[in-house]
Amino acid sequence: MTRRGLLLILSSPSGAGKSTLARRLMEWDPTIRFSVSATTRAPRPGEEDGREYHFRTRAQFLDLVDQGQMLEHAEVFGNMYGSPRGPVEQAMANGQDTLFDVDWQGGQQIRNSALGSEVVSVFILPPTIAELDARLRGRAQDTEAVIASRMAKSRDEISHWAEYDYVLVNRDIASTEADLRVIVMAERLRRRRQPALVGLVKDLDREFEGRNA
């Protein structure tokens, strides 16, 4: 292994471009794995266990939480959702990066977990609130009530921007994607994520000793 995998957290208010950036980042580098969440809700038609979600009973889910096997979890509309720890640790050990598309609360839990030292967190801001509103309406997916709810929640989401390692203002999706790629490439090169450097430096020292013999 040439390096340890990192845990990349993307957060943003709804409509700021987080999901689009996550998809484009994985298209740029298919080795980046998306963290598949576990949930207690029932599978919908066409969904497969381990692909869309890891489907678990409530008892199974809570048992994983008690065992410390969830990096983050929350209850939403009566169902539990969370990020299993095991697959992330395996990917990290294999030098594979894991991408999390989570809100600020999920990001906070992951940063405070046992794997928190491996986290790189990025918050995506809209250029203006008017633009955020226009993007939500432009998707033509939500009712007026849903849009109003998402906009109301956005202020709370944005208030947590300073908790993140990097903050990108998504004025243009292509430019923001380019900046996100730079962050990933730079973080991959951090010394602590390259365990092979220790052996390389030892080899260099041996070469010096050989020259001086």
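Assessment of region 80-93 against the conditions (surrounded by fewer than 20 Cβ atoms within 10 Å (Cβ to Cβ) and more than 19 Å from H54 (Cβ to Cβ)) yields at least one matching residue. A count restricted to region 9-27 and to residues that are within 13 Å of P126 (Cα to Cα) and either in a strand (DSSP E or B) or over 12 Å from the mean Cα position of the chain (by Cα) (or both) stands at 6. For V36, the conditions (1) part of a loop (DSSP other than H, G, I, E, B); (2) among the aliphatic types (A, V, I, L, M); (3) in contact (Cβ under 8 Å) with a residue 60 or more places away in the chain all hold with the exception of (3). Scoring E27 on the criteria (1) surrounded by 14 or more Cβ atoms within 10 Å (Cβ to Cβ); (2) of a type outside the set (F, W, Y); (3) within 29 Å of Q194 (Cα to Cα) leaves a single failure, condition (1).
Residues satisfying the criterion are present in region 54-70 (criterion: modelled with pLDDT under 95, part of a loop (DSSP other than H, G, I, E, B) and surrounded by 14 or more Cβ atoms within 10 Å (Cβ to Cβ)).
The C-beta contact set for region 1-27 (first residue closer than 24 Å to R191 by Cβ, second residue among the aromatic types (F, W, Y) and not in a strand (DSSP E or B), distance under 9 angstrom, 6+ apart or interchain) comprises I9/Y164.
Considering only region 21-53, how many residues are of a type in the set (S, T, Y) and either at pLDDT below 90 or out of contact with any Ser or Thr (no Cβ under 9 Å at 6 or more places or on another chain) (or both)?
Total meeting the criteria: 2.
Here E47 passes the criteria (1) of a type in the set (D, E, K, R); (2) in a helix (DSSP H, G or I); (3) under 21 Å from P84 (Cβ atoms) except the one numbered (2).
The values are calculated or read from the model by the stated rules, or taken from the named source; none is laboratory data. Source: prediction; values computed, not measured. Here the Cβ is made from the backbone with ideal geometry for all residues, glycine too, and neighbour counts use every protein chain on show.
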